[in-house]
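Bear in mind these aren't lab numbers, they're just calculated from the coordinates by the rules spelled out. Quick caveat: nothing in here was measured; it's all calculated off a predicted structure. Please note: Cβ atoms are built from the backbone with ideal geometry, for glycine as well, and neighbour counts cover all protein chains shown.
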Amino acid sequence: MSPSSPAGGAADFDHGRFRAGDHALFRELVRSMSPRLMGMIRGYARDEDHAEDLLQLCWLRIYRMRRRFSGTGSLFGWVLTVSRNVCRGQLRGARGSRRVRLEAHGEIVDPAVGPAEQIESRLRAAALYTALERLTVRERDAIILRLIVGRSTASVARRLGVKQVSVRSLIHRGLNKLRRMEDLAALIHDDGGQGT
């Protein structure tokens, strides 16, 4: 077994790397130990999402407490004990919280963008960036820096090494070219005219 192997006892484990918080070692520990930890965590969880949340909390606590591991005994046993304490603490905290029925608050609107909207947004962004590639370098840079990144006209002028009036002219020419691109125009008009 390698010196950093988390599966064995303390004799074949690199205690120094663990205490130092070595990120590569912790990635390996999370990968190798999480499936076994989930077996215990599921006993404390309401559902699979809650179990995943508890697993994250456990690994945060393990990382924060890593210097307390004495190096004697099984690392997995110590990880399991810390995780069990996290789960029990979460259970105690949940008992003290007040539960409210959602129906008492009327309809709850989910403000998150749905999958269809996310796909549509990505398609529009891809089409825009493809169209931007067809502009001259200076037109594209002026549009991206001023309209997408949000820099001031003066900042864009300094960046491009031109006068502010030239920045406005580059943006105007570039936007006119974009408006004339049929594939981009079709995508905008598919939105019911909201993009124009």
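Brief remarks on what is shown
- Computed lengthening from L147 to S121, 0.36 nm per intervening residue step minus Cα-Cα distance: 7.6 nm
- With θ taken as phi - 60° and the Karplus curve 6.51 cos²θ - 1.76 cosθ + 1.60 applied, the whole-hertz 3J(HN,Hα) list for region 62-71 is 4, 5, 5, 9, 3, 6, 7, 5, 6, x Hz, x standing for glycine and proline.
- Difference of contour (0.36 nm per residue) and Cα-Cα distance, R84 to A185: 30.6 nm
- Taking label positions 7 Å along the Cα-Cβ direction at both L128 and D14, the computed distance is 4.5 nm, reported to one decimal.
- 3J(HN,Hα) along region 20-32, derived from phi through the Karplus expression 6.51 cos²θ - 1.76 cosθ + 1.60 where θ = phi - 60°, amounts to 6, x, 3, 5, 5, 5, 5, 4, 5, 4, 4, 5, 7 Hz, with x in place of Gly and Pro.
- Fewest-first ranking of E48, E120, using other Cβ atoms within 10 Å as the exposure measure: E48, E120
- Relative packing of peptides 130-141, 77-88 - highest average C-beta neighbours within 10 Å first: 77-88, 130-141
- Ranking of I119, I41 by count of other Cβ atoms within 10 Å, fewest first: I119, I41
- Gap separating the Cα centres of region 115-151 and region 16-72, nearest whole Å: 41 Å
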